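All remarks here apply to the structure that follows.
The values are calculated or read from the model by the stated rules, or taken from the named source; none is laboratory data. What you see is a predicted model; the values in this text were computed from it and never measured. Methodologically, a virtual Cβ is constructed for each residue, glycine included, from the backbone with ideal geometry; neighbour enumeration extends over all protein chains shown.
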């Protein structure tokens, strides 16, 4: 059997609008992010999910609640958090973004690496496989966990995942599909 995963990114935050890389900082969803989450609810109204997992950071929780509330159970999961930029959490994106792709195996000072995020995601996926086999699962989270799914489930290198990321290619869509077998 398998688990069908649809991955959704949280709505735009005030930090996003101010070109700040939040990391583990608990950024607020902006009004634009609220509208995006409402619009997403409409865009996926015909899709059926058995459960929604979301990062425990409030931008993901709020997005999940707006999009999925009263439709399906929502479970907060810390393993789905964004990469911990350590000393760089909440810093300007012009400082953080050039460092990100250098921190695949090397940790951010007092933070973690993208390989650490991958390990978190592997733990999450192992539990998902045990408990949700044959189910349709939605995830609402951040960039780093999605890139980790590209590496784990689609067999991409980290470099490919970063280069093909929808944020770089400007190819957002209302959900990315992954199959956990």
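Exactly one of (1) surrounded by fewer than 18 Cβ atoms within 10 Å (Cβ to Cβ); (2) touching a residue at least 40 places away in the same chain (Cβ under 8 Å); (3) part of a loop (DSSP other than H, G, I, E, B) is unmet by residue 4. Its number? Against the list (1) surrounded by fewer than 18 Cβ atoms within 10 Å (Cβ to Cβ); (2) touching a residue at least 40 places away in the same chain (Cβ under 8 Å); (3) part of a loop (DSSP other than H, G, I, E, B), residue 4 comes up short only on (3). In region 49-89, the qualifying residues are those that are touching a strand residue (DSSP E or B) at 6+ places or on another chain (Cβ under 6 Å) and assigned to a loop (DSSP other than H, G, I, E, B), and the one that is surrounded by the fewest Cβ atoms within 10 Å (Cβ to Cβ) is 73. Going through (1) closer than 22 Å to residue 148 by Cα; (2) in contact with a helix residue (DSSP H, G or I) (Cβ under 8 Å, 6 or more places away or on another chain); (3) modelled with pLDDT of 95 or more one by one, residue 6 falls short only on (2). Are any residues in region 96-120 in a helix (DSSP H, G or I), surrounded by fewer than 16 Cβ atoms within 10 Å (Cβ to Cβ) and either touching a residue at least 60 places away in the same chain (Cβ under 8 Å) or on the phi > 0 side of the Ramachandran plot (or both), and if so, which ones? Within region 96-120, just 97 meets the criteria.
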